[in-house]
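The values are calculated or read from the model by the stated rules, or taken from the named source; none is laboratory data. Bear in mind the structure is a predicted one, so any value in this text is a computation, not a measurement. Quick reminder, even Gly has a Cβ in these numbers, built from the backbone with ideal geometry, and neighbours come from all protein chains shown. When the accessible area is computed, the model is the full protein with side chains, heavy atoms only, and any ligands, DNA or RNA have been set aside. Shrake-Rupley method; radii C 1.70, N 1.55, O 1.52, S 1.80 Å.
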Amino acid sequence: MMYDDLLARSFSKHEKKKLGYGAFFGCLLIALSFCTVFKPYLGPLPALNLKQSMAAGFKMLMKMEPLCDATERRGDICNINGDVRIQGNSSSVFLVSSEMSILARNNNSWSIRPYARKGDRAAMIQVKEWSVKLSGRNEIPPCNKNHTVPAILFSQGGYTGNHFHDFSDVVIPLYLTSRQYNGEVQFLITDKRPWWIAKFKAILKNLSRYELIDIDREEEVHCFPSAVVGLKRDVKAQLSIDPSKNSYSMSDFKEFLRSCYSLKNANAIKLRDGQRKKPQLLIISRKRTRSFTNIGEITKMASRLGYKVIVAEPTMNVSKFAELVNSCDVLMGVHGAGLANVVFLPKNAILIQVVPFGGFEWLAKTYYGEPTKDMNVKYLEYKISTKESTLVQQYPPDHVVFKDPYSIQKQGWIAFKSVYLDKQNVKLDVNRFRTTLLKALELLHQ
């Protein structure tokens, strides 16, 4: 039996790692002893300062940071520099490393799902898991295809397909992660959804000059000078970028979108007394849930106040709908994914969020109320009464749905969603809502 076989069978993985540390520091000690004993015979060595070299070596080992940061609340992310090799058919990312650096790190392998919504099990279960490993040169497959630009590997799984999550979980984090490369970066897609790529083609092309690679289908080993696995996302709120922690802001992101889609309007209309041009109001319609049941009445009332009213439902044609939103001064709709189109509004435009009944205050504020502050968009909120909810047609007045919405919330997201999101439509009291539209006109005068 060979000695390496004996060692492999005699020691556990943990013991072998300890043995490796011992051998490494033992060698350093022997080298120090050797130089001390033979120093009188070696003569002066002005170019060599052993103490300084050893101190530098120890300092380097102490400074080594993990490749992957698992402390991020929104999603794990790995920043890898060096000889990076990516093998798609095994969902593996390797960093070729020396034995010394492997020994110096507390952890040499990580598992990561490259989607920026960590902690949301329903989303993350739809995201493929990748392994990131530090490995010796002889332990990994050789390169089949060499690239000269960095790579960013991210997932199109999770909640993609929901317009809000498209922006919050993927588009904005991808912008934050890749904008610094000025197009000189290769995107690697896992959990590829072709319709998603078609939907956001303009954005993807403006962030990378290279053809997307469906890495899951690749049998070749792709090699890069560096790679990012996962996407950077702020913890501040949804649809947001914290400029104090990043080189970019939501204003920068909106300007980027204007460039991607050639949007004409930088600013909303500024009303003056006697002005004939009307402000444009876009009402986001919904077909299935949380839809307006009296859209005709709302349109007539808004028109009498002086608005030019457009009613439209978002489509997969992002370019066309972005152009429509950008042409408007006021955007209104019931809480839902369609309001994420707020990112296309010009500066000083107004978002009116109609908040359904059932304790939506936190969702309304977090998803749209807070983010508008960083978008140079003014925000108005209209909370409907129980009389304006179609739930009154489904439940008696003394039902827990009306008396104690919080008790439904405590049953979990599924219970809350099934009642207040999926079963509820809105019949606006146009006389009550009129005040909100008048407030919007007032803001457009400022």
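Please go through the stretch 199-250 and give me each residue that is of a type in the set (D, E, K, R) and touching a Ser or Thr at 6+ places or on another chain (Cβ under 7 Å), ordered by number.
Matches in the stretch 199-250: ASP216, LYS232, ASP234.
Here the condition is being hydroxyl-bearing (Ser, Thr, Tyr) and more than 20 Å from ARG434 (Cα to Cα); of SER291, SER285, SER244, it holds for SER244 alone. Sub-9 Å Cβ pairs linking a first residue in the stretch 359-385 that is closer than 20 Å to VAL343 by Cα to a second residue that is acidic (Asp, Glu) and open to solvent by less than 60 Å² (accessible area, probe 1.4 Å), at least 6 apart or interchain, are ASP374/ASP242, ordered by first then second residue.
Scan the stretch 130-145 and give yes if some residue there is in a loop (DSSP other than H, G, I, E, B) and under 24 Å from LEU176 (Cβ atoms), otherwise no. No: the stretch 130-145 contains no residue that is in a loop (DSSP other than H, G, I, E, B) and under 24 Å from LEU176 (Cβ atoms). Filtering the stretch 118-127 to residues that are out of contact with any Lys or Arg (no Cβ under 7 Å at 6 or more places or on another chain), part of a loop (DSSP other than H, G, I, E, B) and open to solvent by less than 70 Å² (accessible area, probe 1.4 Å) leaves only ASP120.
For (1) open to solvent by 10 Å² or more (accessible area, probe 1.4 Å); (2) under 20 Å from the mean Cα position of the chain (by Cα); (3) of a type outside the set (Lys, Arg), each residue gets a yes or a no:
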| position | (1), (2), (3) |
| --- | --- |
| LYS320 | yes, no, no |
| LEU339 | no, yes, yes |
| ILE350 | no, no, yes |
| GLY358 | no, no, yes |
| TYR379 | yes, no, yes |
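Could you please let me know if ASP404 is of a type in the set (Asp, Glu) and without any contact (Cβ under 8 Å) to a residue 24 or more places away in the chain?
Numbers: of a type in the set (Asp, Glu): yes; without any contact (Cβ under 8 Å) to a residue 24 or more places away in the chain: yes.
Yes.
The residue that is farthest from the chain's Cα centre (by Cα), counting only those in the stretch 242-291 that are within 24 Å of LEU441 (Cα to Cα) and of a type in the set (Val, Ile, Thr), is ILE269. Counting only residues that are touching a helix residue (DSSP H, G or I) at 6+ places or on another chain (Cβ under 6 Å) and part of a helix (DSSP H, G or I), which one in the stretch 358-385 is nearest to ILE269 (Cα to Cα)? By that ranking, first place goes to MET375. Scan the stretch 128-172 for residues that are open to solvent by 10 Å² or more (accessible area, probe 1.4 Å), acidic (Asp, Glu) and modelled with pLDDT of 95 or more and the total you get is 1.
Has the stretch 198-218 got at least one residue that is in contact with a strand residue (DSSP E or B) (Cβ under 9 Å, 6 or more places away or on another chain), surrounded by 15 or more Cβ atoms within 10 Å (Cβ to Cβ), under 30 Å from TRP362 (Cβ atoms) and among the hydrophobic types (A, V, I, L, M, F, W, C)? No, the conditions are met nowhere in the stretch 198-218.
Looking only at the stretch 296-315, which residues are loosely packed, with under 13 Cβ neighbours inside 10 Å and closer than 28 Å to TYR261 by Cβ? Correct list: THR315 only. Taking the criterion of being assigned to a loop (DSSP other than H, G, I, E, B), within 19 Å of ARG286 (Cα to Cα) and in contact with a helix residue (DSSP H, G or I) (Cβ under 8 Å, 6 or more places away or on another chain), the residues of the stretch 308-335 that qualify are GLU313, PRO314, THR315, MET316, HIS335. Report yes if SER291 is under 30 Å from VAL426 (Cα atoms), of a type in the set (Gly, Ala, Ser) and open to solvent by 10 Å² or more (accessible area, probe 1.4 Å), otherwise no. Considered against the rule, which asks whether it is under 30 Å from VAL426 (Cα atoms), of a type in the set (Gly, Ala, Ser) and open to solvent by 10 Å² or more (accessible area, probe 1.4 Å), SER291 comes out as yes.
Here GLN446 passes the criteria (1) modelled with pLDDT under 95; (2) open to solvent by less than 80 Å² (accessible area, probe 1.4 Å); (3) under 30 Å from SER249 (Cα atoms) except the one numbered (2). In the stretch 388-405, is there at least one residue being at pLDDT 95 or above, open to solvent by less than 70 Å² (accessible area, probe 1.4 Å), touching a Pro at 6+ places or on another chain (Cβ under 8 Å) and of a type outside the set (Phe, Trp, Tyr)? Yes, because at least one residue in the stretch 388-405 is at pLDDT 95 or above, open to solvent by less than 70 Å² (accessible area, probe 1.4 Å), touching a Pro at 6+ places or on another chain (Cβ under 8 Å) and of a type outside the set (Phe, Trp, Tyr).
Selection of the stretch 219-253 for residues being of a type in the set (A, V, I, L, M, F, W, C), surrounded by 15 or more Cβ atoms within 10 Å (Cβ to Cβ) and within 26 Å of ALA364 (Cβ to Cβ) yields LEU231, ALA237, LEU239, ILE241, MET250, PHE253. Annotation: of all residues in the stretch 260-289 being among the hydroxyl-bearing types (Ser, Thr, Tyr) and part of a loop (DSSP other than H, G, I, E, B), the one that is nearest to GLU323 (Cα to Cα) is SER262. Across the stretch 407-430, what is the number of residues that are touching a residue at least 60 places away in the same chain (Cβ under 8 Å) and either among the charged types (D, E, K, R) or not in a loop (DSSP other than H, G, I, E, B) (or both)? The qualifying residues number 8. Out of ARG286, ARG272, one residue alone is within 25 Å of GLY161 (Cβ to Cβ) and touching a residue at least 24 places away in the same chain (Cβ under 8 Å). It is ARG286.
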